[in-house]
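Beneath this line is the structure, given in structure tokens, with notes to follow.
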Amino acid sequence: MDHRAVGVFDSGLGGLTAVRELRRLLPSENIIYLGDTSRVPYGGKSEETLVRYSRQDLAFLRTKDVKAALIACGTATTAALPALQQENEIPVLGVVDAACRRALEVTDNHRIGLIATAASVRSGVYERTMRTMDGAVRTVSCACPLFVALVENGRYRRGDPVVELVAREYLEPMKATGVDTLILGCTHFPLLQDVIAEIMGPEVTLVNAGAEAARALADVLREKDLLAAGEGSLRLYASGDPAEFGQLAAPFLDEPLENPVEPAVLETE
């Protein structure tokens with residue numbers, strides 16, 4: 001048993017969808033979340049910059065003595081996960097492997113779609129990971145950079161004409177390829193799940209990368225005997241405006257905030 005907190009970080013609000021799943025799976029865990037909102041979005045940054053930002057994010061969480069960490073950001077996972085795993089003795093997980101495993105479990109026709117940030121799509125890591133797991137899989141990828149900005153600004157509900165126009169522009173060509181499974185490869189995208197599901201249709205299974213990563217982290221905590229007991233807590237930090245972050249966080253968590261969001265000062269050297 002280990003009552004130290006689990007650390008989770010993302011460039012902004014999206015990673016809270018993974019925290020929501022962690023809270024559901026492991027209600028006894030203390031969770032510390034960092035949203036690097038002063039530098040959001042990560043999607044257009046270079047790999048070198050993403051690795052540097054991710055190191056700084058994890059270094060902040062490690063000052064809180066976390067026992068494990070989840071990179072709840074597809075872009076940061078694709079760029080920085082190997083480095084962070086090598087540099088830290090605590091378990092560090094990302095959102096790619098678990099999502100790929102789940103997609104391969106549910107697909108019937110081995111045609112799997114991926115929507116993610118431009119950096120994640122450009123890296124090809126989802127495709128490489130799935131091919132390693134199953135050489136017969138065919139993947140179709142689409143970068144959806146406007147989704148992050150829309151979600152961060154509270155624009156993600158069905159019926160919003162801007163959201164639906166952008167989503168159809170991205171997703172209708174994907175649907176036409178015949179994929180039967182679609183990975184939501186950015187943790188912002190589950191807020192758009194209703195819109196995405198309506199466009200893709202009931203024959204396409206959506207895989208939530210953040211939720212799958214949360215399940216994988218729960219498995220690691222059990223395997224390593226790191227689970228906590230009692231009633232868990234949630235502390236939120238933002239490198240940008242904490243009040244603004246707090247105003248937008250509740251829909252991502254699907255619960256009211258327990259405590260005010262706290263400011264995070266990151267080492268930037």
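Filter the stretch 96-119 down to residues that are in contact with a strand residue (DSSP E or B) (Cβ under 8 Å, 6 or more places away or on another chain) and within 19 Å of residue 18 (Cα to Cα) and give me whichever is most open to solvent (accessible area, probe 1.4 Å).
102
Restricting the stretch 27-59 to residues that are within 24 Å of residue 254 (Cβ to Cβ), open to solvent by 20 Å² or more (accessible area, probe 1.4 Å) and hydroxyl-bearing (Ser, Thr, Tyr), which is farthest from the chain's Cα centre (by Cα)?
28
Residue 93: touching a helix residue (DSSP H, G or I) at 6+ places or on another chain (Cβ under 9 Å), open to solvent by 80 Å² or more (accessible area, probe 1.4 Å) and of a type outside the set (S, T, N, Q), yes or no?
No, not satisfied.
Looking at the stretch 14-33, is at least one residue at pLDDT below 95 and among the acidic types (Asp, Glu)?
There is at least one residue in the stretch 14-33 that is at pLDDT below 95 and among the acidic types (Asp, Glu).
Quick test for you: out of 62, 20, 24, pick the one residue that is under 15 Å from the mean Cα position of the chain (by Cα), basic (Lys, Arg) and open to solvent by 10 Å² or more (accessible area, probe 1.4 Å).
When all the criteria are applied, what remains is 20.
With the condition kept exactly as written, say whether any residue in the stretch 184-205 is β-branched (Val, Ile, Thr), surrounded by fewer than 14 Cβ atoms within 10 Å (Cβ to Cβ), farther than 25 Å from residue 22 by Cβ and over 18 Å from the mean Cα position of the chain (by Cα).
No: zero hits.
So which residues in the stretch 50-102 are out of contact with any Phe, Trp or Tyr (no Cβ under 9 Å at 6 or more places or on another chain), aliphatic (A, V, I, L, M), part of a helix (DSSP H, G or I) and farther than 22 Å from residue 228 by Cβ, if there are any at all?
51, 59, 81, 83, 84
Show the residue pairs meeting these rules: Cβ distance below 6 Å; 6+ apart or different chains; first residue within the stretch 1-25 and within 19 Å of residue 77 (Cβ to Cβ); second residue among the acidic types (Asp, Glu) and buried (at least 24 other Cβ atoms within 10 Å of the Cβ).
Listed pairs, sorted by first residue: 6/29; 9/57; 11/36.
Identify the residue in the stretch 249-269 that is among the aliphatic types (A, V, I, L, M) and open to solvent by 50 Å² or more (accessible area, probe 1.4 Å) and, among all such residues, is farthest from residue 214 (Cα to Cα).
Step by step, filter the stretch 249-269, then rank; the result is 265.
The values are calculated or read from the model by the stated rules, or taken from the named source; none is laboratory data. Just so it is clear, the model here is predicted, and its values are computed rather than measured. A quick note on method: Cβ atoms are made from the backbone with ideal geometry, for glycine too, and the neighbour counts reach across all protein chains shown. Please note that ligands, DNA and RNA were not included when accessible areas were found on the heavy atoms of the full protein model with its side chains. Shrake-Rupley method; radii C 1.70, N 1.55, O 1.52, S 1.80 Å.
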